[in-house]
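All remarks here apply to the structure that follows.
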Amino acid sequence: MRKTLCFIGLSAIIVSCTTQKPATKTTYKPQQKPATTQSVTKTTEKPHIVKDHGMEFYKENIGDITKNDNTISYGSIVSAKPAGYKVVKTHFPAVAQNFRQKYLILHYTALDDDKSAMVLTQQSVSSHYLVNNLGNNEIYQLVDENKRAYHAGVSAWRNDKMLNDTSIGIEIVNSGFKTDASGNKIFVPFDEKQIEKVAALAKDIITRYNIPPTNVLAHSDIAPTRKQDPGPLFPWKKLYNEYQIGMWYDEATKQNFLSQLATTNFATESAVNTYIFKIQTALNQLGYEIMPTGTWDANNKKVVEAFQYHFRPEKYDGIVDAETWAILQALLQKYPPAK
Ligand SMILES: [Zn+2]
């Protein structure tokens, strides 16, 4: 099957875009206290605004550091301009605000450099950033971080769905995979310099928006029945070890879980309904969209395959072996689901 691009067209989503909430206060009252007495940060300070080509940009922290909202915002300010009224937006920012950007989603384009840029700018799919494979120091920004790019499609993680609304998307130029005569997927390795570029960009984004490790994900994690990208050759472990990006398990914890399993006949022991239910539940608790039923179906296997792309890249056949199960348990222990 010839693969074209790693995501589907999403023109239907455009109609639901209602993300902007312009301020409507018409008087500036610096003596007024903020709604919560604990929140004292910057409520009466003017954020620093700069103008460039007729547009205004914040250059300072407009968030509330007491609410873990301490990132400098460089976003553009988009406001209403109602006839006959003045919208006052720069003098009195609300305490009650946070960032829309909760997730960072990584992709490969499955296209070369030229076609990637063309498709992501001219068609019904897009991403905030495109990391080329040209060996230079450039990263292309295609969509303002404050706006939605159409990169995730139908997607879910933990309690969130349709992650275009809440994510930043990075597309990486990479050819994806070819299928050999036996039906195996053969993935194309990533360039080392390109990965360094991705790491620097990802680190910048997750730091500014305070995106937690559990929300730095592959497209295949949030859409496992449809997507494989960025695939098993994307170096998640290296990003975790060298840049503190995303999730990874502790080796000792994994070994501990592994030592408790009957690795020689794990396949037989784990084939019973109660065991399958337990594994499906764990996948769901980590974040994957999977309904525990006690039996494996084709979509469940794709969820396992997506998990293996990310956390067990040496084996991605969609079958849970002892190692996969030990890794899953080690991850859940380190990153438990929110209560
Ligand atoms: Zn993708």
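The values are calculated or read from the model by the stated rules, or taken from the named source; none is laboratory data. Quick caveat, the model's predicted, so the values are computed rather than measured. Methodologically, a virtual Cβ is constructed for each residue, glycine included, from the backbone with ideal geometry; neighbour enumeration extends over all protein chains shown.
Within region 146-158, identify whether any single residue is more than 27 Å from TYR335 (Cβ to Cβ) and at pLDDT below 95, and answer yes or no.
For region 146-158, residues more than 27 Å from TYR335 (Cβ to Cβ) and at pLDDT below 95: present.
For region 95-110, what are the residues that are away from the ligand (no atom under 16 Å from the Cβ) and either among the aromatic types (Phe, Trp, Tyr) or part of a strand (DSSP E or B) (or both)?
Result: PHE99, single match.
Take the residues in region 158-179 that are closer than 26 Å to THR281 by Cα and within 14 Å of the ligand (Cβ to nearest atom); name whichever of them is surrounded by the fewest Cβ atoms within 10 Å (Cβ to Cβ).
Out of the qualifying residues, it is ASN164.
Determine which single condition TYR275 fails, assuming it passes every other condition in (1) of a type outside the set (Asp, Glu); (2) part of a helix (DSSP H, G or I); (3) in contact (Cβ under 8 Å) with a residue 12 or more places away in the chain.
For TYR275, the exception is condition (3).
Results for (1) over 24 Å from VAL154 (Cβ atoms); (2) buried (at least 18 other Cβ atoms within 10 Å of the Cβ), shown as yes or no for each residue.
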residue	(1), (2)
GLN260	yes, no
ALA267	yes, no
VAL272	yes, no
ILE276	yes, yes
THR293	no, no
VAL304	no, yes
LYS315	yes, no
ALA330	yes, yes
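Among the residues of region 205-232, write down those that are surrounded by fewer than 19 Cβ atoms within 10 Å (Cβ to Cβ), away from the ligand (no atom under 15 Å from the Cβ) and in a loop (DSSP other than H, G, I, E, B).
Those that are surrounded by fewer than 19 Cβ atoms within 10 Å (Cβ to Cβ), away from the ligand (no atom under 15 Å from the Cβ) and in a loop (DSSP other than H, G, I, E, B): ASN210, PRO212.
Of everything in region 111-135, what is within 21 Å of ALA202 (Cβ to Cβ) and not in a loop (DSSP other than H, G, I, E, B)? Give them in sequence order.
ASP113, SER116, ALA117, LEU120, TYR129, LEU130, VAL131
Hey, does region 62-82 have a residue that's of a type in the set (A, V, I, L, M), at pLDDT 90 or above and in a loop (DSSP other than H, G, I, E, B)?
no
Just need a number here: residues in region 201-254 that are over 26 Å from PHE177 (Cβ atoms) and small (Gly, Ala, Ser).
So the count comes out to 1.
Does at least one position in region 203-215 carry a residue that is touching a residue at least 24 places away in the same chain (Cβ under 8 Å) and touching a Gly at 6+ places or on another chain (Cβ under 7 Å)?
Yes, region 203-215 has at least one match.
Would you check which residues across region 139-165 are farther than 18 Å from SER220 by Cβ and not in a loop (DSSP other than H, G, I, E, B) and list them?
TYR140, GLN141, ASP165
I'm trying to understand the selection: among the residues of region 248-265, which are in contact with a helix residue (DSSP H, G or I) (Cβ under 7 Å, 6 or more places away or on another chain) and within 22 Å of LEU286 (Cα to Cα)?
If the condition is that a residue be in contact with a helix residue (DSSP H, G or I) (Cβ under 7 Å, 6 or more places away or on another chain) and within 22 Å of LEU286 (Cα to Cα), then TRP248, TYR249, ASP250, THR253, LYS254, PHE257, LEU258, LEU261 are the ones that fit.
Quick check, is LEU261 under 24 Å from GLY294 (Cβ atoms) and more than 16 Å from the ligand (Cβ to nearest atom)?
Spelling it out, LEU261 is indeed under 24 Å from GLY294 (Cβ atoms) and more than 16 Å from the ligand (Cβ to nearest atom).
Name the residues in region 173-202 that are free of Cβ contacts under 8 Å to residues at least 24 places away in the same chain and either outside any helix (DSSP H, G or I) or of a type in the set (S, T, N, Q) (or both), would you?
Scanning region 173-202 gives LYS178, ASP180, ALA181, SER182, GLY183, ASN184, ILE186.
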